[in-house]
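Student: Mind having a look at this structure? Questions to follow.
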Amino acid sequence: MSADRDIDGWLAERGVTLMDARVRARGVLEEVGLTRPGKARMSEPKLMRAAEVLAERFFQVCADPACLQVATASGREPLRVEPRSHCARCGGSANRRAEVAFLEVCNARNVNRVVVVGGSPAVREELESKLGGHIDLRMVDGTERRTSDRARSDLEWADLVLVWGATELHHKVSGHYTHGPPAHHHKVVHVVKRGVAALLDEAMIHLQRAAVR
């Protein structure tokens, strides 16, 4: 015989902790006949079906405006979750929010090829794993010698070049990009802040400004 579980506790495990969201979620479960007003517990088999119903009806979202915009456009009803680690768009991670938003901007601006100059090996690996399946990336180790010819090839190939000055980056490497041919200056962004989110935020600002010129 299946054990029953507390419905509110089960919802809380999924981030449905805010009163309005919990009332709305319970209302939908009542609409489809999985529970009724005043009932506190539900069987495990019904909870499995309840999870399917909530996933079909709602887009679980945090309070971030960009996430809310995506949730609203999803065709499902936005359902606020807390903590934000349950957000279906960003998972509560500043890096993840920035990565998703950056890919959205790249898609809108037809930016398909990006060069990142600098960054630690771990950060370059993260960018490759999160972004590499969606856009073409060239990751340049800022601590290794880079010839002017290879840098010029990167500049000609790329739609966007991010020179990450706050990380492991030698001036002899960065100079090939920041002082390259004038024809490529419009695609080069010199980022002076640390962190993946800061890098991608600067890239998005650059692309958005370029779009209104």
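The values are calculated or read from the model by the stated rules, or taken from the named source; none is laboratory data. What you see is a predicted model, and the numbers here were worked out from it, not measured in a lab. With ideal geometry, Cβ positions are generated from the backbone for all residues, glycine too; neighbour counts draw on all protein chains shown. Surface accessibility is based on the protein's heavy atoms, side chains included, excluding ligands, DNA and RNA. Shrake-Rupley method; radii C 1.70, N 1.55, O 1.52, S 1.80 Å.
Student: Which members of the range 82-105 meet the condition of being outside any helix (DSSP H, G or I), surrounded by fewer than 17 Cβ atoms within 10 Å (Cβ to Cβ) and modelled with pLDDT of 90 or more?
Tutor: If the condition is that a residue be outside any helix (DSSP H, G or I), surrounded by fewer than 17 Cβ atoms within 10 Å (Cβ to Cβ) and modelled with pLDDT of 90 or more, then 82, 83 are the ones that fit.
Student: Taking residue 71 as the residue in question, decide whether it is under 26 Å from residue 127 (Cβ atoms), of a type outside the set (D, E, K, R) and at pLDDT 90 or above.
Tutor: Spelling it out, residue 71 is indeed under 26 Å from residue 127 (Cβ atoms), of a type outside the set (D, E, K, R) and at pLDDT 90 or above.
Student: Which residue, of 122, 108, is farther than 17 Å from residue 160 by Cα and either among the small types (Gly, Ala, Ser) or exposed (fewer than 13 other Cβ atoms within 10 Å of the Cβ) (or both)? Spell out how you get there, then give the answer.
Tutor: On the way: 108 fails: farther than 17 Å from residue 160 by Cα.
Unique residue meeting the criteria: 122.
Student: With the condition being of a type in the set (S, T, N, Q) and open to solvent by less than 50 Å² (accessible area, probe 1.4 Å), I'd like the helices (runs of 4 or more DSSP H) fully within the range 126-213 carrying at least 1 qualifying residues. Give the derivation first.
Tutor: On the way: elements: 148-157, 171-178, 196-211.
By residue number, 171-178.
Student: Output the number of the condition that residue 60 fails; it satisfies all remaining conditions of (1) without any contact (Cβ under 8 Å) to a residue 24 or more places away in the chain; (2) of a type in the set (S, T, N, Q); (3) in contact with a strand residue (DSSP E or B) (Cβ under 8 Å, 6 or more places away or on another chain).
Tutor: Only one criterion is unmet by residue 60, namely (1).
Student: Looking at (1) at pLDDT 95 or above; (2) farther than 22 Å from residue 66 by Cα, which is the only condition residue 140 fails?
Tutor: Answer for residue 140: the failing condition is (1).
Results for (1) modelled with pLDDT of 95 or more; (2) in contact with an Asp or Glu (Cβ under 8 Å, 6 or more places away or on another chain); (3) within 30 Å of residue 104 (Cα to Cα), shown as yes or no for each residue.
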residue	(1), (2), (3)
3	no, yes, no
18	yes, yes, yes
29	yes, no, no
57	yes, yes, yes
60	yes, no, yes
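Student: Let me confirm something: among 161, 192, which residue is under 20 Å from residue 127 (Cα atoms), touching a strand residue (DSSP E or B) at 6+ places or on another chain (Cβ under 8 Å) and not hydroxyl-bearing (Ser, Thr, Tyr)? Before you say what the answer is, go through the steps one by one.
Tutor: Working: 192 fails: touching a strand residue (DSSP E or B) at 6+ places or on another chain (Cβ under 8 Å).
When all the criteria are applied, what remains is 161.
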